Amino acid sequence: MGAGMFNMALNFAEMERRRIGERTRETMARIKTVNPDKHMGRPSTLPASTLERIRTLRAGGASLAATARTLTAENAPTATGGGWYPSTIRRVESSAAYRATPEWRA
């Protein structure tokens, strides 16, 4: 009897989890329809000076790994307080904040 009730509770929990996901997707789609320019994630908190340093290093021919090592050695702040890795540099370069600056377009 106890195992049957446990399975029933699991089934309802799974159904509720799916329904929460559906409601979230529906709401986000509705927001995007009303305001297509609405940013739906965490805003960038990376200092402009760090963006400029990445831009300078990469323009000078530094690889992603070399840029990450340099920023780590300089104790440059990250957006989340973590470390600098080549994948982090790649994500920064693909971010809207990085591409939105006039220097990038030049």
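The values are calculated or read from the model by the stated rules, or taken from the named source; none is laboratory data. These figures come from a predicted structure and were not determined experimentally. So basically every Cβ, Gly included, is an ideal-geometry build from the backbone, and we count neighbours across all protein chains shown.
Can you work out which of the residues in region 36-47 that are of a type outside the set (D, E, K, R) and surrounded by 10 or more Cβ atoms within 10 Å (Cβ to Cβ) is farthest from Thr80 (Cα to Cα)? Here the residue is Pro47. From the list Thr67, Thr56, Thr27, exactly one residue is in a helix (DSSP H, G or I), in contact with a Leu (Cβ under 9 Å, 6 or more places away or on another chain), surrounded by 10 or more Cβ atoms within 10 Å (Cβ to Cβ) and without any contact (Cβ under 8 Å) to a residue 24 or more places away in the chain. Which is it? Checking each option against the conditions leaves just Thr67. Which residue pairs have Cβ atoms under 8 Å apart, sit 6 or more places apart or on different chains, and have a first residue in region 92-105 that is not assigned by TED's automatic domain parsing to the domain that holds Ser63 and β-branched (Val, Ile, Thr) and a second that is modelled with pLDDT of 80 or more and part of a helix (DSSP H, G or I)? Partner pairs satisfying both residue conditions: none exist.
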